[in-house]
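A.B. asks: First the structure, which I've put down as structure tokens, then a few questions once you've had a look.
The values are calculated or read from the model by the stated rules, or taken from the named source; none is laboratory data. Since the model is a prediction, treat every value here as computed from it, not as a measurement. Methodologically, a virtual Cβ is constructed for each residue, glycine included, from the backbone with ideal geometry; neighbour enumeration extends over all protein chains shown. Note: areas computed on protein heavy atoms with side chains; ligands, DNA, RNA excluded. Shrake-Rupley method; radii C 1.70, N 1.55, O 1.52, S 1.80 Å.
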Amino acid sequence: MIKNSHRTNNTWPRLNVYTDNKHIKDCTSVICKANQFYKPPYNTTYFVYSTDGTRLSTLLKQDGVIDRGEENLNFELVPTSLVDHITKVTCQQMNYEPIADIKINLYVNEDIERGTFLKLSKPPKSLPDGFTISPLSDKHVELLERQNKLPFTPNFGQTLKFFKHLAVFDGNQKPVAWVIQKEYGDLGYAYTDPDFRRFDFFTILATSLGMEIMQMDEPTIGIINVGLSAPVIAISKIGMIQVKDFEMTRLCLQKKGSHSHQAHLKSNI
């Protein structure tokens, strides 16, 4: 996330980065505050990593790190070992309550122990006649928002501007399937029109996009909610494997006594 922000001179994603020590070698905790990462009501999204829960708690309490005036807080890709530290600070000292704790598994095309990239499988078949592959454009943002199944609305315009993406277009130049590289590097926001799912466009797109990413000497990443079998089957086809013994979570909190977004959030998870 930080590297991707640095590439755009902090244009997107727009981050404020907080650490528990200004000397990197002595740093144990990092909090990235992404501004307007999603559209309201989640104006600010936090990405947290730490090897010391106590020092993370101290960092969370510092003035300006958490926007305490916000009705909703969203923590993404948080190692589950840190959830108790986050909720203790935000719930007991900032008057929030958790409304969702969504477990997530990480999949990569990288052999972590060896520090090498695994080869992605080649696309199993070519496109049917009449279809083409090319990137999306800003004129497709409205379509992406209509097909978005997340309980949050991403800023698709910014994502398309700064990150890689590919789509399959039919003979009328209408996108019928797409895969987008998200801000923290994973292949996400994937969609295929139900009328075209028999063609396995996801495999073709994900492999092509993954190879582009690997040419940048980066791993291909998949981030999938625990319990969802279809996405796991799909990414397994292109050679991605689960990182064992590493579970993350998306933690959503809301000011106590407020229920404006809770019903909508639960209905979309």
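A.B. asks: Solvent-accessible area per residue for the range 134-241 at a 1.4 Å probe radius, Å²? Mind dumping the intermediate values first?
C.D. replies: Details: 4800 Å² over 108 residues.
Normalised by residue count, the accessible surface of the range 134-241 is 44 Å².
A.B. asks: Can I ask one more? Expressed as a whole percentage, what fraction of the accessible surface of the range 177-225 belongs to carbon and sulfur atoms when a 1.4 Å probe is rolled over the protein heavy atoms? Display every interim value, and only then the final one.
C.D. replies: Details: 850 of 1770 Å².
Roughly 48 percent, rounded to a whole number.
A.B. asks: I would also like to ask the following. Based on DSSP H runs of at least 4 residues, each adding -39500 (n - 2.57), what is the mean residue ellipticity at 222 nm of the chain after dividing by all its residues, to the nearest 500 deg cm²/dmol?
C.D. replies: One gets -7000 deg cm²/dmol as the mean residue ellipticity at 222 nm.
A.B. asks: What translational diffusion coefficient, to the nearest whole µm²/s, does the chain have by Stokes-Einstein, given a Kirkwood radius computed over alpha-carbon pairs, a temperature of 4 °C and 1.567 mPa s viscosity?
C.D. replies: Translational D for this selection: 65 µm²/s.
A.B. asks: Return the single residue from Phe162, Phe201, Phe131 with maximal mean-square fluctuation; model: Gaussian network over the chain, springs between Cα atoms under 10 Å.
C.D. replies: Among Phe162, Phe201, Phe131, the largest mean-square fluctuation in the Gaussian network model of the chain belongs to Phe131.
A.B. asks: Rounded, prolate or oblate: pick one for the range 87-209, where a ≥ b ≥ c are the square roots of the eigenvalues of its C-alpha gyration tensor, a/c under 1.5 means rounded, and failing that, prolate if a/b is larger than b/c, else oblate.
C.D. replies: oblate
A.B. asks: Quick one: Karplus J couplings for the range 200-208, per residue in order, coefficients 6.51, -1.76, 1.60, θ = phi - 60°, nearest Hz, x for Gly and Pro?
C.D. replies: Per residue, the Karplus-derived 3J(HN,Hα) values read 6, 4, 4, 4, 5, 5, 5, 5, 5 Hz.
A.B. asks: Using only the Cα atoms of the range 1-111, build the gyration tensor, take square roots of its eigenvalues as a ≥ b ≥ c, and label the shape rounded, prolate or oblate: rounded if a/c is under 1.5, else prolate if a/b is larger than b/c, else oblate. Before the final figure, lay out each step's value.
C.D. replies: Values: a/c = 1.24, a/b = 1.14, b/c = 1.08.
Rounded, since a/c falls under 1.5.
A.B. asks: Same structure again: Just need the relative contact order of the chain here, percent rounded to a whole number, with Cα pairs under 8 Å and 6+ apart. Write down the numbers at each step before the final one.
C.D. replies: On the way: 478 pairs, mean separation 65.9, N = 269.
Computed over the chain, the figure is 25 percent.
A.B. asks: Sequence gap at least 6, Cα distance under 8 Å: using those rules, report the relative contact order of the range 138-269 to the nearest whole percent. Before the final figure, lay out the partial values.
C.D. replies: Values: 122 pairs, mean separation 24.9, N = 132.
Answer for the range 138-269 is 19 percent.
A.B. asks: Give me a comma-separated list of calculated 3J(HN,Hα) values for the range 172-178, in order, Karplus coefficients 6.51, -1.76, 1.60 applied at θ = phi - 60°, integers in Hz, x for any Gly or Pro.
C.D. replies: Once θ is set to phi - 60°, the couplings for the range 172-178 become 9, 6, 9, x, 10, 7, 7 Hz.
A.B. asks: Which lysines, if any, have their Cα less than 19 Å from the Cα of Lys125, not counting same-chain residues under 8 positions apart?
C.D. replies: Lys237
A.B. asks: So, one more: Determine the gain in length on full extension of the stretch Leu118-Ala230; use 0.36 nm per residue of separation and subtract their C-alpha separation, reporting nm with one decimal. Numbers along the way, then the final one.
C.D. replies: Details: separation 112, 0.36 × 112 = 40.32 nm, distance 2.18 nm.
That works out to 38.1 nm of additional length.
A.B. asks: Given the chain, what percent of its DSSP beta bridges are antiparallel, to the nearest 5? Display every interim value, and only then the final one.
C.D. replies: Details: 49 of 53 bridges.
Approximately 90 percent, going by the DSSP bridge assignments.
A.B. asks: Can you say what percent of the DSSP beta bridges in the range 163-245, counting only those with both residues inside, are antiparallel? Round to 5.
C.D. replies: Working: 9 of 10 bridges.
Rounded to the nearest five, the antiparallel share is 90 percent.
A.B. asks: For the range 1-124, with all protein chains present and a 1.4 Å probe, just round the carbon and sulfur fraction of the accessible area to a whole percent. Can you show the working numbers first?
C.D. replies: Numbers: 3020 of 6400 Å².
Accessible surface attributable to carbon and sulfur in the range 1-124 totals 47 percent.
A.B. asks: Rounded to the nearest 0.05, what FRET efficiency do Met94 and Ser137 have when you use their Cβ-Cβ distance and R0 = 51 Å? All intermediate terms of the calculation are to be shown ahead of the outcome.
C.D. replies: Values: r = 41 Å, r/R0 = 0.80.
The value I calculate is 0.80.
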